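Here the structure is laid out as structure tokens; the discussion comes afterwards.
The values are calculated or read from the model by the stated rules, or taken from the named source; none is laboratory data. What you see is a predicted model; the values in this text were computed from it and never measured. Cβ: placed from backbone, ideal geometry, glycine included. Neighbour counts: every protein chain shown. Heavy atoms of the whole protein, side chains included, go into the accessibility calculation; ligands, DNA and RNA do not. Shrake-Rupley method; radii C 1.70, N 1.55, O 1.52, S 1.80 Å.
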Amino acid sequence: MTGVWITLLAIVVILVVFGLRIVPQGHAYIIERLGKYAGTWEAGLHIMIPFIDRVAKRISLKEQVLDFPPQPVITKDNVTMLIDSVVFEKVYDPKLYTYGAENPIAGLQNLSATTLRNIIGDMELDQTLTSRDQINQKLEAILDEATDAWGIKVTRVELKNIQPPAEIEEVMTKQMRAERERRQTVLEAKAHQEAVVSRAEGDKKAKVLSAEAERDAQIAYAEGKAKAIQMVYEAEAKGLEMLREAKMDESVLRLKGLEALKDVANGQATKIYVPNDLSKAISSLGIAGDALGIQQENHSKTE
């Protein structure tokens, strides 16, 4: 009897050991019991019933990058080109991902190709080449909504490459070269215009500065001349004021006049103006007149 219990215990232990399952992080296991969905195991340790439960599918919950092959599409203006797209997706519901579609990834690839053809079919070539962000947004929204029933979340869609036909590429290359040459010509013309304007403005400023400098010089010269004249008159006025303050008598003034007359007579002047009261002045000075070499008879001859 004891041997039977030991045997049963050993069988239970073996079943438990073989029934242990560890789900790694970022994964989920779909468990079926007798062929029917029993549950979803997340990361951690789990025990399943041998021969009754089974792991139907191991699913990665990490974000996946699906690089689909280039798809031929036709634009609105009947240009055929190849478009290579990349889809970023992750499983958010393991049960829907397992039972929602037979092959969700293949369905996503076909849906991406057909949706891309529909979007590009409503756009012309030039618009297609310049509207990548708009195409990405439309494609992402449509794919995300369509794959909700499959338990898939489309997080991002990118157009990796757009390859138009060879003849279209050649025409585009010529057009781009012509556009670059046109821009270069415009830039050169603009630079020349700015240089001419700058030179003209520089000449204008130089002439203005020269005129202002000449004006300032003339003003300074006039102010200096006026100042000099003012100083001469002030000096003369000051001299007269000093003479008035010294209270000089009439004889001294006459003596000064005779000295000035002598200086005039020693010059090369052809005409000499003699004051009417000269004889009176000489007689009144007496000895001072003799010292100056001015005699009465000379005075008479001069008259």
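Within the range 120-141, the set of residues being open to solvent by less than 20 Å² (accessible area, probe 1.4 Å), in contact (Cβ under 8 Å) with a residue 24 or more places away in the chain and either β-branched (V, I, T) or more than 14 Å from L66 (Cβ to Cβ) (or both) comprises I120, M123, L125, T128, I135. Would you be able to say whether some residue in the range 156-169 is touching a strand residue (DSSP E or B) at 6+ places or on another chain (Cβ under 9 Å) and in a helix (DSSP H, G or I)? Yes, the conditions are met somewhere in the range 156-169.
Residue check: is D122 closer than 30 Å to G26 by Cβ and over 35 Å from the mean Cα position of the chain (by Cα)? Considered against the rule, which asks whether it is closer than 30 Å to G26 by Cβ and over 35 Å from the mean Cα position of the chain (by Cα), D122 comes out as no. Annotation: K76 fulfils all but one of (1) in a strand (DSSP E or B); (2) under 30 Å from P165 (Cα atoms); (3) touching a residue at least 40 places away in the same chain (Cβ under 8 Å); the unmet one is (1). Selection within the range 31-51: residues that are of a type in the set (V, I, T) and more than 57 Å from the chain's Cα centre (by Cα). The member of this set that is surrounded by the fewest Cβ atoms within 10 Å (Cβ to Cβ) is I47.
On the stretch given as the range 146-202, residues that are open to solvent by less than 70 Å² (accessible area, probe 1.4 Å), touching a helix residue (DSSP H, G or I) at 6+ places or on another chain (Cβ under 9 Å) and of a type outside the set (S, T, N, Q) total 14. Please go through the range 99-109 and give me each residue that is open to solvent by less than 30 Å² (accessible area, probe 1.4 Å) and in a helix (DSSP H, G or I), ordered by number. Selection gives P104, G107, L108. Going through (1) in a loop (DSSP other than H, G, I, E, B); (2) farther than 30 Å from I168 by Cα; (3) open to solvent by less than 80 Å² (accessible area, probe 1.4 Å) one by one, K62 falls short only on (3).
Between R117, R54, which is in contact (Cβ under 8 Å) with a residue 24 or more places away in the chain and open to solvent by 70 Å² or more (accessible area, probe 1.4 Å)?
Values: R54 fails: in contact (Cβ under 8 Å) with a residue 24 or more places away in the chain.
Going through R117, R54 in turn, just one is in contact (Cβ under 8 Å) with a residue 24 or more places away in the chain and open to solvent by 70 Å² or more (accessible area, probe 1.4 Å): R117.
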